[in-house]
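Just below is one structure, and these are the notes that go with it.
The values are calculated or read from the model by the stated rules, or taken from the named source; none is laboratory data. Fair warning: this is a prediction, and the values are worked out from it, not measured in the lab. As a convention, Cβ positions derive from the backbone with ideal geometry for all residues, glycine included, and neighbour counts pool all protein chains shown.
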């Protein structure tokens, strides 16, 4: 049964399953991803323009939250002078609308919820950047590994072509076999050009997220987060998207309460004091007034209905996001576990022993125990296996990044939960 369609009871079971898989899958993060990557990601984020944009957005959200907590009404000062014949009236007055319905408290709640939403969206941008940077770094590392293997393949084929030329001169092989060796060398040369193009594309993607292919390696003393932080029970609302969905629903629910408060009219109290002069006589005047809006032409009912509908939509969206996040986490963990196991088996097998196998094949060919065609077939098979192993390692690393992100553990693994200083680009 899929976690995406689970009931509440089965969701708990799926959560336990994901927790077990998470403990297994993320425990191998440092085995497939270089230990210096967390520190490199933090440095790249602090130097990227998105960091400054995110901090400015958060500063604006904090200012709006502070503004929402301020009193709703300011007092008004009124000065008046009236003259009618010998009668002169001079008054000064103050008026203040009283927030008796709790609008300020409701606005403050909405402001705090909006700030939480802005913080969740900032965390989503930061986690998304970390995911993109790591995937680009993994892609570049894979491209470099394939280029290195391509150089080894080209060297082997060049060596084979040189040997074939000498064997032809000695009369040990036919011209057709020498031509096969030259064709294999030319093919390796063409494929190496393609690999170099792939490397250029990978470095372009790495630079696009703020990476520097020519930068020196990151200091190895950068502390990596403890793996124990990654083995907690899976919580869909600990993921970046889950936090945004939860904060959005909370913000909209607060607006329902605000719409309810805004339907209630607030009274305005006015106090006026002054002096009345009639001819040579004068007297003091004092007035008090209370006014209350009569909200019968527009009772603001539609605004409340709209806010309630928005809240229902936000709660439904929250449930939809939860279902998708559970399904994504389950898929990413299973994929990561399968690729980790495959990479482990490949590493322990004969696949990495490319040089030894190439030397053995060469000795057999020079001894005449292998034909040129068989030699090329088996050498290409060994090279294809080496390239497959490099691709498998890259896929396992990418799957680890995806699993960390999908389960909400990427920030902890990178170390975004620890303070760091902004670096100068």
The lone exception for residue 187 - which of (1) assigned to a helix (DSSP H, G or I); (2) closer than 20 Å to residue 368 by Cα; (3) touching a helix residue (DSSP H, G or I) at 6+ places or on another chain (Cβ under 9 Å) it fails:
(2)
If residue 370 satisfies all but one of (1) surrounded by 17 or more Cβ atoms within 10 Å (Cβ to Cβ); (2) in contact with a helix residue (DSSP H, G or I) (Cβ under 6 Å, 6 or more places away or on another chain); (3) in a helix (DSSP H, G or I), what's the number of the condition it fails?
(3)
On the basis of being buried (at least 19 other Cβ atoms within 10 Å of the Cβ) and under 23 Å from residue 243 (Cα atoms), does residue 316 make the cut?
no
In the range 290-325, which residues are free of Cβ contacts under 8 Å to residues at least 24 places away in the same chain and touching a strand residue (DSSP E or B) at 6+ places or on another chain (Cβ under 9 Å)?
290
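Looking only at the range 102-114, how many residues end up being under 22 Å from the mean Cα position of the chain (by Cα) and surrounded by 21 or more Cβ atoms within 10 Å (Cβ to Cβ)? Give the steps one after another, and end with the answer.
Narrowing the range 102-114 to residues under 22 Å from the mean Cα position of the chain (by Cα): 113-114.
Those still in the list that are surrounded by 21 or more Cβ atoms within 10 Å (Cβ to Cβ) too: 113.
So the count comes out to 1.
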Condition first: at pLDDT 85 or above, touching a helix residue (DSSP H, G or I) at 6+ places or on another chain (Cβ under 7 Å) and part of a helix (DSSP H, G or I). Can you find one or more residues in the range 7-27 that meet it?
no
Residues of the range 72-95 being out of contact with any strand residue (DSSP E or B) (no Cβ under 6 Å at 6 or more places or on another chain) and surrounded by 12 or more Cβ atoms within 10 Å (Cβ to Cβ), in sequence order, are 72
Please state which one of 342, 329, 306, 338 is under 23 Å from residue 254 (Cβ atoms) and within 48 Å of the chain's Cα centre (by Cα).
306
Any idea how many residues of the range 48-105 are in contact (Cβ under 8 Å) with a residue 24 or more places away in the chain, closer than 30 Å to residue 282 by Cα and not in a strand (DSSP E or B)?
1
